[in-house]
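As structure tokens, the structure follows; a few thoughts come after it.
The values are calculated or read from the model by the stated rules, or taken from the named source; none is laboratory data. Here the structure is a predicted model, which is why all the values come from computation and not from measurement. Note: ideal-geometry Cβ built from the backbone for every residue, glycine included; neighbour counts use all protein chains shown. Surface areas here come from the heavy atoms of the whole protein model, side chains and all, with no ligands, DNA or RNA. Shrake-Rupley method; radii C 1.70, N 1.55, O 1.52, S 1.80 Å.
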Amino acid sequence: MQKPQHYTQWKLSPGAKKRIGKGGINEIKYFPDGTRLAVASTIGIWIYDVQTCKPLDLITGHTGPVNSLVFSPDGGTFVTASDDNTARLWDTVTGEHKASFGGHTEAINSVAFSPDGERLATASDDKTIRLWNLLTGEQIAKLEGHTEIVLSTEFSPDGTAIASSEAFGGKGGIWIWDAHTYELLKLFEEDTDWVEYIVYSPNGSMLISRETRREINFWDAKTGKKLKSCETEDWMGEYSPVAFAPDGRTFATGVHRDDICLWDTDTGRLIKTFELEEDVDSSPSSVAFSPDGETIACASEDGTIRLWDVETEKIKKTITDHTPHLSATQKTEGTQAPSQRTYSVAYSPNGNTLASSYGTEILMRNSEAGEIQTTITYSWEIHRRPQQNVLAIAHSSDGKILASAEDTTKARLWDTQNGRFLGSFVGHKESIFSVAFSPDGRMLATGSQDNTICLWEVRIGELYLIGDLLFTLTGHTDNVCSVAFSPDGGKLATGSCDKTVRLWDVRTGNHLKTFIDHIGSVYAVAYSPDGSILASGSRDGELRLWNSQTGELLETLKGQTQNIFSVAFSPNGNVIACGDNGAIHFWDVQTGELLNTCRAHTNVVESLAFSTDGKTLASGSRDGTILIWDLENPL
């Protein structure tokens, strides 16, 4: 178990000194003895004491989010499945890594033990199910036939069959395979759209499926006949996967707004509903019964785990601080519903505050302690529509105003001291992806999905700050992902999914130059502190340095980088950092030498920000966390 230090320091990579956030929750399971709760998260496996609800350990090793977790029949080990295309075997008592199972070419969504504990089944985005010998780690078989992502797989209780389901766009229904010959036996597809999750009833006579997040159906496991559906009400919308009580007579599902429904396994009749007293606009991601059947744990997409007493229908305890995130269904559907991954981080000019955007919120933290000082929440009153993600933030040069770009057509200004809403800039036709203040604070640039850049007047020192639209810059043929003013305020650089970087004259709105050497979308642009160099980071994995005056390509930096999503210069201009699918790379600007690579995030590094004194770097990621890096020692 972990040393007695705060969990924000657990399992950090060399150079990192703090982690803000625990990552999102994908699945929860009770340990067989009922004393601990395991949480498969976007950054690893968190272990909690169920009495105190305090974290005991963070198990890391996967390089991608952990999607699924299951304990072996004897309880001695558990297996996790990850977006890193692997499954891993861990010791239940010590958390020690015992074996890895690699062979899938894409993310693994689901994992299941055979009843005898000797084999493992994994279901993947690569449209296959693979069987593994648990003792040797060798692949036994590959089941092919699915035409879409395989979302779920499960052994029958007698070990003779394997059930699986696939994402929307495939044949739908439930697939049944012979667990020994690996032949496809049946395809249950009567009146089905697509099945997100399946589980056998404890006696093996039925399969229970969750379909398109709104139906729970029962199937005869032998004939494939649909037997019945659960007695749902109109108010019931989105369900979590099913969790059976230890005696198998009932099962639980989480319901939209974080209520829990308890159902009779034989009849599908709704027995009782555990309802939250407060109004929560969230959906459950996972539920789990305690081994004694007295408690149901429910994890929510808002990052909260609630432990419910089955008899009293009251919440006994709560686990917090996990990051809200997209569910598996939202992921496969490509939805843009609010998700609290870390989109953007920005230090205040005086270095005292670190601002970050988590989904629909902007959090202002003390940069040293990491404590939240101000929370800015987008509300219905502000934009008269459901909550939208805050995609980018930027401080004014005096630090008094924060600009935000959101997943709508508006950019907004906020008072950094009290979080007060100051006004909106309206003019884009699609979502705004990027925002930047001019050095003198009198202009705001916004880059949009509508392929344009707008330059707005900011009325410094006036009661009403929102000024006129000065220019609309056109020329890009795809989304504008990034905008950056030159240090002297005379030029604006823009990066686009059309694979180009463009320079604009801020005073006239005229287009000056186009840089066309990238072969992938340009996600990030940044000026060096003296303005002599313009950096661009692209999906092609290349970080390019340009002479900002002549447009000459000075250097192409490419090591083990993948898609580059974020770029930042150190305050002295000597170092440039870029973030890709999980790593941060530091380069010497003068020599082009790769100084260091820090691998710590399990998903895309969306944003990078150096502190004003250059002593720390903040990295924000889609894994829902922020890492603070110590740069006082030479890289």
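Worth pointing out:
- Picking from residues in region 53-79 that are part of a loop (DSSP other than H, G, I, E, B) and within 14 Å of GLY23 (Cβ to Cβ), the one that is nearest to the chain's Cα centre (by Cα) is PRO65.
- A Cβ distance below 6 Å, combined with a sequence gap of six or more or placement on separate chains, defines the contacts here; from region 508-537, residues that are under 21 Å from THR477 (Cα atoms) reach residues that are part of a loop (DSSP other than H, G, I, E, B) and among the acidic types (Asp, Glu) in the pairs HIS518/ASP540; ILE519/ASP540; GLY520/ASP540.
- Conditions (1) farther than 21 Å from LEU627 by Cα; (2) open to solvent by 10 Å² or more (accessible area, probe 1.4 Å); (3) not hydrophobic (A, V, I, L, M, F, W, C): number failed by THR63: (1)
- Members of region 210-253 found to be over 30 Å from LEU184 (Cβ atoms) and at pLDDT below 85, listed by number: GLU231, THR232, GLU233, ASP234, TRP235, MET236, GLY237, GLU238
- Residue ID - nearest to the chain's Cα centre (by Cα), chosen from residues in region 602-617 that are touching a residue at least 60 places away in the same chain (Cβ under 8 Å), crowded, with 21+ Cβ neighbours inside 10 Å and more than 14 Å from VAL575 (Cβ to Cβ): ASN603
- Test: residue in region 283-303 that is within 24 Å of LYS22 (Cβ to Cβ), modelled with pLDDT of 90 or more, open to solvent by less than 30 Å² (accessible area, probe 1.4 Å) and part of a loop (DSSP other than H, G, I, E, B): yes
- Checking every residue in region 88-107 against the condition of being open to solvent by less than 20 Å² (accessible area, probe 1.4 Å), without any contact (Cβ under 8 Å) to a residue 60 or more places away in the chain, hydrophobic (A, V, I, L, M, F, W, C) and not in a strand (DSSP E or B) gives at least one match.
- Members of region 345-366 that are surrounded by fewer than 18 Cβ atoms within 10 Å (Cβ to Cβ) and among the polar types (S, T, N, Q): ASN350, ASN352, ASN366
- Pick from region 418-435, criterion open to solvent by 80 Å² or more (accessible area, probe 1.4 Å) and within 17 Å of THR474 (Cβ to Cβ), ranking: nearest to the chain's Cα centre (by Cα): GLU430
- Count - residues of region 451-481 that are without any contact (Cβ under 8 Å) to a residue 24 or more places away in the chain, open to solvent by 20 Å² or more (accessible area, probe 1.4 Å) and either among the small types (Gly, Ala, Ser) or not in a strand (DSSP E or B) (or both): 6
- Restricting attention to region 552-577, the residues being among the basic types (Lys, Arg) and touching a residue at least 40 places away in the same chain (Cβ under 8 Å) number 0.
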